[in-house]
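Right, one structure below, let's go through it.
The values are calculated or read from the model by the stated rules, or taken from the named source; none is laboratory data. Computed from a predicted model, the values in this text were never measured in an experiment. No Cβ is skipped: glycine too gets one built from the backbone with ideal geometry, and neighbour counts run over all protein chains shown. The area values use the complete protein model at the heavy-atom level, side chains included, leaving out ligands, DNA and RNA. Shrake-Rupley method; radii C 1.70, N 1.55, O 1.52, S 1.80 Å.
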Amino acid sequence: MRILLVEDSVDDAELLMLALEEGQFAARVHRVETRTQLVSALADGVWDLMICDNNLPDLDATRAIELARAATQSDPLPLPIIVMSGDMELGKMVEVMRLGARDCLDKAALPKLIPVLERELAHARIARELLQARTTLAHQEQYRLTSPLPGSEGLLAHLQGRLENRIGQAAALLLLQPERTSGDSLRRRGPEAWRAWQMVTAQRLAGICGPSDFLAYLDDGSFALVLADGGDASHLAHRAAGLGVVFEAPFLHDGQPLAVACCIGACLLHGLDSPMVALHAATTALCTVLARHQGGYCLHTPELHRDEQRRRALADTLSQALERNEFLLHYQPQVDARSRVVAAEALLRWHHPTLGPVSPLEFIPLLEESGGILEVTRWVLEEACRQVCQWERDGLPAIDIAVNIPARLFGHGELIPMVRFALAASSLLPQRLELEITEGTAIKDKAATLETMAKIRSLGVRIAMDDFGVGYSCLGYLKQLPLDTLKIDRVFVADVVDSETDRNIVRAIIAMGHSLGLQVIAEGIETPAQRDFLANAGCDLIQGYLVSKPLPAGAFGEMLLHAFASPLSL
C-alpha cells in the first residue's frame with residue numbers, strides 16, 4: 001500500500017511506522033510536512049491512502065484535504081484520507097469528515113490504525129472491481145455491433161454439427177481480430193467510427209464466403225470463419241492472406257480513410273473431437289499473432305500447443321516469482337577507451353524453480369501483460385542502486401549503474417516516486433543512476449515524454465536512449481530531448497567490420513551524439529576488430545561479450561576488483 005503521510009513530527013512518524021511494522025502491514029510511506037511538499041507529492045505520485053495530521057506549520061487537515069481533492073479530482077476513485085491528531089475538537093472532526101475524510105483517529109490510539117487500513121484496503125478493492133464492471137458494461141454497450149451474423153452460440157452449434165457428422169474433412173476454423181494498437185486507435189475515434197468499421201468488415205467478409213462457409217461475429221471486433229474447404233496448411237495460409245487483405249482494406253468515415261491491421265489464428269478441424277477444442281486451438285494461434293503486435297497469421301500446430309503450455313506455466317508462476325526471490329540481477333560492464341570499468345547495466349534474470357533459467361524475451365512480455373512489470377521494475381531499481389553502493393562500501397571503485405525502463409512505465413505516475421525512493425533508500429548520488437529508454441518510447445508521445453524526462457532530470461538522474469539507430473534516428477527530434485547518452489544498437493555493430501554501410505551509420509551516430517554533447521556507448525562488442533573500429537571512430541564506451549558477459553553481483557564484484565588493480569585486457 002502506498003501511503004502519503006502528512007506529518008511534521010519525526011517522532012510521531014516513527015511511531016506510526018512502528019505500528020505498521022508491529023501490525024505486519026506492508027506499506028511504502030512517503031512523508032511530507034509542508035504545503036509545498038504535499039502539492040508536489042500529490043502531483044508526482046500515485047497514492048492508495050493519505051494519513052494527515054491536523055496541525056502543521058502552514059496548513060491544517062481541512063486545507064490538506066481540499067488540496068488532495070483538487071489534485072485528484074480527475075481520478076475515477078477518490079483518494080481515501082485518514083486524519084490523525086492528538087488534540088482535535090469534535091467540531092473539527094465533523095468538518096474533516098464532511099470534507100471527505102474516511103476516519104479520524106487519536107494519535108494515542110495507534111493500534112486502531114491497522115484495522116482501519118485493512119478496512120480501507122477492502123473498500124478500495126470493492127470500489128475498483130465495481131468501477132471496472134461498470135466501465136466494461138458501458139464499453140460493451142457503447143461499442144456493441146448490431147449485426148445479422150450469428151454469434152458465439154451459433155458458431156459452436158455449427159462446429160458441433162460439422163464434427164459430429166464429419167462434414168468436410170478439410171474444413172478449418174479461422175479467428176480474425178484487430179491488432180490491438182490499430183484497433184485501439186480506431187476506438188479512440190468514437191463508437192460511430194468503430195461500428196461503421198465493424199459493419200463494413202462484416203459485409204466484406206460475408207461477400208467472399210462460399211455457400212458452405214460459416215461466418216460469425218463474436219465480440220469486440222472479432223469474427224470467426226469456418227471454411228468448408230481449408231485445404232492443407234499451404235492452401236489455408238493463402239486463404240488467410242486474402243482474408244487479411246479484405247479485413248485491412250481502408251474504409252471511408254466522415255470522408256477520411258481508416259484501416260485496421262488484422263490478426264488471424266487458425267486450426268484445421270480434421271481429427272478434432274469438440275467445438276471447444278477447435279476454438280481453443282484457433283485462439284492459441286491467434287494469441288501468438290497478437291503477441292507480435294504487428295498483425296499476421298498463425299496456424300495451430302502441436303509445437304504451438306507445447307509453446308502455449310509453457311507460456312501458461314510461466315504465467316501461472318510469474319506472479320509469485322518476486323516474493324519467492326526467484327529474480328536476480330546480472331551486471332554487464334561498460335568500459336572506456338582505457339579499458340577501465342566506469343559503469344554497469346543491470347539486467348533482469350529469472351530462474352524458474354522447475355524450468356530453470358527463463359529468457360527475458362519470454363518472461364518480460366508476460367510481466368507486461370499481467371501488470372507485474374511495475375513491481376518488478378521497482379525491485380530492479382532498488383536492488384541495482386543498493387548493489388552499486390554495496391560494492392563501493394566493500395572498497396571497490398565507484399561506478400555508475402544503468403537500468404532499463406519498460407516503455408509502458410515511462411509515463412506512469414509511479415516512476416518518479418520509484419526512482420526517488422530507490423535513491424533515498426540506497427544513498428546513491430542521482431548522477432550515478434542512468435535510466436535507459438528506447439527510441440520508440442521517446443517518440444510515442446512527445447509532450448508526455450518531455451514532461452517525464454524533465455522530472456527525471458530534476459532529480460539529477462541521467463537518461464540514455466537505448467537501441468539507437470533502428471527507429472526514428474532524427475537529429476531534429478533528438479536535439480529536443482534532454483538526453484545524456486546514446487547507445488548504438490548491436491545490429492550495426494555486428495557487421496561493422498565487413499559493411500561499409502554500417503561503418504558509415506556508426507560514424508554518423510557518434511558524430512551526431514557528440515555534436516549534441518552526448519556520451520555514446522556501443523553495445524554487442526564481441527571482437528577486437530569491432531573494438532578497434534569504435535575506438536578509432538571516437539566511441540566513448542563499449543559494452544559486450546568482448547569485455548564480459550552479464551555477471552551475478554558476486555562475480556561482477558570480483559571482476560571489478562581485478563579491473564581496479566589493472567585495466568581489463570581486451
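Figures for the structure shown
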quantity	calculated
Residue ID - modelled with the lowest pLDDT, chosen from residues in region 78-114 that are among the basic types (Lys, Arg) and not in a loop (DSSP other than H, G, I, E, B)	LYS112
Inter-residue pairs, beta-carbon under 8 Å, first under 16 Å from VAL260 (Cα atoms) and in region 274-303, second of a type in the set (Ser, Thr, Tyr), 6+ apart	VAL289/TYR297; HIS293/THR181; GLY295/SER182
Of residues in region 31-68 being without any contact (Cβ under 8 Å) to a residue 60 or more places away in the chain, over 28 Å from PRO111 (Cβ atoms) and under 28 Å from the mean Cα position of the chain (by Cα), the one surrounded by the most Cβ atoms within 10 Å (Cβ to Cβ)	LEU42
Criterion violated by ILE208 - all others in (1) open to solvent by 40 Å² or more (accessible area, probe 1.4 Å); (2) within 26 Å of the chain's Cα centre (by Cα); (3) more than 18 Å from PRO257 (Cβ to Cβ) satisfied	(2)
Out of LEU486, LEU534, sole residue that is open to solvent by less than 30 Å² (accessible area, probe 1.4 Å), in contact (Cβ under 8 Å) with a residue 12 or more places away in the chain and not in a strand (DSSP E or B)	LEU534
Criterion: surrounded by fewer than 16 Cβ atoms within 10 Å (Cβ to Cβ) and either under 37 Å from the mean Cα position of the chain (by Cα) or not charged (D, E, K, R) (or both) - qualifying residue of ARG102, ARG28	ARG28
Residue in region 368-378 that is open to solvent by 30 Å² or more (accessible area, probe 1.4 Å) and closer than 25 Å to GLY524 by Cβ present	yes
Among (1) out of contact with any Cys (no Cβ under 6 Å at 6 or more places or on another chain); (2) within 19 Å of GLU33 (Cα to Cα); (3) small (Gly, Ala, Ser); (4) not in a loop (DSSP other than H, G, I, E, B), the one test that ALA64 misses	(1)
Any hit, region 330-343, residues being within 21 Å of the chain's Cα centre (by Cα), small (Gly, Ala, Ser) and surrounded by 16 or more Cβ atoms within 10 Å (Cβ to Cβ)	no
In region 235-263, the residues that are within 23 Å of SER152 (Cβ to Cβ) and in a helix (DSSP H, G or I)	LEU236, ARG239, ALA240, LEU243, GLY244, VAL246, PHE247
Region 264-303, subset in a helix (DSSP H, G or I) and among the β-branched types (Val, Ile, Thr), residue surrounded by the fewest Cβ atoms within 10 Å (Cβ to Cβ)	VAL277
Selection from region 184-198 of residues that are open to solvent by 60 Å² or more (accessible area, probe 1.4 Å) and either not in a helix (DSSP H, G or I) or not charged (D, E, K, R) (or both)	ARG188, ARG189
